[in-house]
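Working notes, structure below.
The values are calculated or read from the model by the stated rules, or taken from the named source; none is laboratory data. Nothing here was measured: the structure is a model prediction, and the numbers come from that model. Cβ placement follows ideal geometry from the backbone for every residue including glycine, while neighbour counts extend to all protein chains displayed.
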Amino acid sequence: MQTALRYRYSQIKHKNPAHPYKILFIDPSEIRHRCYEFTKWRGLGQISGGTWDIIPIEEQEVYVGLVQRFKKEYDWENTNYYEFLYEQEKSHENIIKYLNFIDKLYEEISNSGYIPNYTRLKNNDYSFTNKYYSLLEPLICIDKKGEMYLRDGAHRFVISKILGIRIPVYVIGRHKKWQKERDSFNKNGSPIANICNKMNHCDLDDIRNNNIYIEKPI
């Protein structure tokens, strides 16, 4: 509901609002930081200003642990990620159940490529995952210069990064200055001078090609 209302407001306020369910196809190796600026429960297509705090993805337990598991072939119990989960959960049985899911996810992506999350979940019982997340692809945010940061979907993101697979993502939020850059495009797709170096940015495809990719209706 919030996503839909925000989009309708954006259509009034902005010249080139992005459809909230527009999919971007990205190379995970191009995203090096994570940002928690946007609250996921407020939906997609948020716009925020200010300075954002970012964290190197490669320093996070989920990245270190999955690299240890799938590249270095550690047992889960010997990974940083297991230790991280144990500090929160304190239940070996529940942790192993969760990590078995990660193993299956890795095997699936490795064998079949990245399958959109909503499609994958139709035929599997991942009842311990959150229903809201289950309908979405990984979430990213885009800063004032067009730099992309991961917000959510870390497991799929890191696995795809390890395997070198491009993935679809949704944009949970954009910086106000980046939205201003989007709005600077003329009807014929010509940008003002300060965005010329970003002409090939994937978030500008919908404006440049007069085409919006929609995964599902609002």
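Looking at Ile165, Ile172, Ile159, which one is of a type outside the set (S, T, N, Q), at pLDDT 85 or above, assigned to a loop (DSSP other than H, G, I, E, B) and surrounded by 15 or more Cβ atoms within 10 Å (Cβ to Cβ)? Reasoning before the result, please.
On the way: Ile172 fails: assigned to a loop (DSSP other than H, G, I, E, B); Ile159 fails: assigned to a loop (DSSP other than H, G, I, E, B).
Of the residues listed, the single one that is of a type outside the set (S, T, N, Q), at pLDDT 85 or above, assigned to a loop (DSSP other than H, G, I, E, B) and surrounded by 15 or more Cβ atoms within 10 Å (Cβ to Cβ) is Ile165.
Quick check: anything in segment 128-140 among the β-branched types (Val, Ile, Thr), at pLDDT 90 or above and under 30 Å from Asp103 (Cβ atoms)? Break it down stepwise before answering.
Taking segment 128-140 as the starting set, the residues that turn out to be among the β-branched types (Val, Ile, Thr) are 129, 140.
Now restrict to residues that are at pLDDT 90 or above: 140.
Within this subset, residues satisfying the condition of being under 30 Å from Asp103 (Cβ atoms) are 140.
Scanning segment 128-140, I find at least one residue that is among the β-branched types (Val, Ile, Thr), at pLDDT 90 or above and under 30 Å from Asp103 (Cβ atoms), so the answer is yes.
Residues checked against (1) of a type outside the set (A, V, I, L, M, F, W, C); (2) surrounded by fewer than 19 Cβ atoms within 10 Å (Cβ to Cβ); (3) touching a strand residue (DSSP E or B) at 6+ places or on another chain (Cβ under 7 Å); (4) farther than 21 Å from Ile167 by Cα:
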residue: Pro28; (1), (2), (3), (4): yes, no, yes, no
residue: Arg32; (1), (2), (3), (4): yes, yes, yes, no
residue: Cys35; (1), (2), (3), (4): no, no, yes, no
residue: Thr39; (1), (2), (3), (4): yes, yes, no, yes
residue: Gly43; (1), (2), (3), (4): yes, no, no, no
residue: Ser48; (1), (2), (3), (4): yes, yes, yes, yes
residue: Thr51; (1), (2), (3), (4): yes, yes, no, yes
residue: Ile54; (1), (2), (3), (4): no, yes, yes, yes
residue: Glu59; (1), (2), (3), (4): yes, yes, no, yes
Subject >> Those residues of segment 99-127 which are of a type in the set (Asp, Glu) and at pLDDT 95 or above, in sequence order >> reply: Asp103, Glu107
Original post:
Pairs under 7 Å by beta carbon, first residue free of Cβ contacts under 8 Å to residues at least 40 places away in the same chain in segment 160-178, partner surrounded by fewer than 23 Cβ atoms within 10 Å (Cβ to Cβ) and outside any strand (DSSP E or B), six or more apart or different chains?
Top reply: Trp178/Asp143; Trp178/Lys144; Trp178/Gly146
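Of the residues Gln68, Gln60, only one is touching a Ser or Thr at 6+ places or on another chain (Cβ under 6 Å), under 30 Å from Glu83 (Cα atoms) and of a type outside the set (Lys, Arg); which?
Details: Gln60 fails: touching a Ser or Thr at 6+ places or on another chain (Cβ under 6 Å).
Result: Gln68 is the single residue among Gln68, Gln60 that is touching a Ser or Thr at 6+ places or on another chain (Cβ under 6 Å), under 30 Å from Glu83 (Cα atoms) and of a type outside the set (Lys, Arg).
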Original post:
For segment 11-35, which residues satisfy the criterion of being under 17 Å from Gly146 (Cβ atoms) and in a loop (DSSP other than H, G, I, E, B)?
Top reply: His14, Asn16, Pro17, Ala18, Lys22, Asp27, Ile31, Arg32
Original post:
Would a scan of segment 9-19 turn up a residue that is surrounded by 15 or more Cβ atoms within 10 Å (Cβ to Cβ), touching a helix residue (DSSP H, G or I) at 6+ places or on another chain (Cβ under 8 Å), more than 28 Å from Ser184 (Cβ to Cβ) and modelled with pLDDT under 95?
Top reply: no
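Would a scan of segment 71-88 turn up a residue that is β-branched (Val, Ile, Thr), over 21 Å from Ile165 (Cα atoms), touching a Cys at 6+ places or on another chain (Cβ under 7 Å) and touching a residue at least 12 places away in the same chain (Cβ under 8 Å)? Walk me through it before giving the result.
Looking only at segment 71-88, we keep the residues that are β-branched (Val, Ile, Thr), and these are 79.
From what is left, the residues that are over 21 Å from Ile165 (Cα atoms) are 79.
Next cut, touching a Cys at 6+ places or on another chain (Cβ under 7 Å) only: none.
Looking for residues that are β-branched (Val, Ile, Thr), over 21 Å from Ile165 (Cα atoms), touching a Cys at 6+ places or on another chain (Cβ under 7 Å) and touching a residue at least 12 places away in the same chain (Cβ under 8 Å), one finds none in segment 71-88, hence no.
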Original post:
Do we have any residue at all in segment 36-57 that's in a helix (DSSP H, G or I) and modelled with pLDDT of 95 or more?
Top reply: yes
**OP:** Among the residues of segment 72-103, count how many are surrounded by 12 or more Cβ atoms within 10 Å (Cβ to Cβ) and either part of a helix (DSSP H, G or I) or aromatic (Phe, Trp, Tyr) (or both).
**Re:** 21
